[in-house]
Amino acid sequence: MDRPRLQERLARESDPRESRIVSRQARDLADSGQLATDLDVDLSVETVVSNLADAPEGSTLAERWNWWMDALTLSHGDYRRFRVRPDAVDEEN
């Protein structure tokens, strides 16, 4: 997982502070190996961007990330620990 590249990519379309938080969570998810174990998928910038694009329109970056983590939790087990806490986004602002 190329965190700097992901952060740069996400910052093009959303708040740079949120992109920093989400890229940190993505790095934690990649380091955990959970996605690779559950879905046999290596987490990449493309994987993240593609899955975030499936989230409801009009959502913030953090909301899109959390939507994906909730979908993974429903389908494959507990991904809640990778969610972005709302207060973390507020602290960055």
### Task
Just one of (1) in a helix (DSSP H, G or I); (2) within 23 Å of residue 87 (Cα to Cα) trips up residue 5, so point out which.
(2)
## Note on the structure
Of the listed residues (44, 32), the one being of a type in the set (S, T, N, Q) and within 15 Å of residue 2 (Cβ to Cβ) is 44
### Task
Find all pairs meeting these conditions: Cβ atoms under 6 angstrom apart; at least six residues apart or on different chains; first residue within the stretch 1-20 and open to solvent by 40 Å² or more (accessible area, probe 1.4 Å); second residue at pLDDT below 95 and outside any helix (DSSP H, G or I).
1/43
### Enumeration of residues in the stretch 21-39 that are under 15 Å from residue 88 (Cβ atoms) and open to solvent by 20 Å² or more (accessible area, probe 1.4 Å)
24, 25, 27, 28
### Summary
Scanning the stretch 53-65 residue by residue, the ones that are free of Cβ contacts under 8 Å to residues at least 40 places away in the same chain and either closer than 16 Å to residue 20 by Cβ or out of contact with any Lys or Arg (no Cβ under 9 Å at 6 or more places or on another chain) (or both) total 5
### Query
Do we have residue 49 as in contact (Cβ under 8 Å) with a residue 24 or more places away in the chain and open to solvent by less than 20 Å² (accessible area, probe 1.4 Å) here?
no
### Query
Filter the stretch 72-93 for residues that are among the aliphatic types (A, V, I, L, M) and in contact (Cβ under 8 Å) with a residue 12 or more places away in the chain; which is surrounded by the fewest Cβ atoms within 10 Å (Cβ to Cβ)?
88
## Note on the structure
Condition set out of contact with any Ser or Thr (no Cβ under 7 Å at 6 or more places or on another chain) and assigned to a helix (DSSP H, G or I), scope the stretch 71-84, selection nearest to residue 31 (Cα to Cα): answer is 82
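The values are calculated or read from the model by the stated rules, or taken from the named source; none is laboratory data. In this text, all values refer to a predicted model and were calculated from it rather than measured experimentally. FYI the Cβ positions are ideal-geometry reconstructions off the backbone, even for glycines, and counts take in every protein chain you see. Surface accessibility is based on the protein's heavy atoms, side chains included, excluding ligands, DNA and RNA. Shrake-Rupley method; radii C 1.70, N 1.55, O 1.52, S 1.80 Å.
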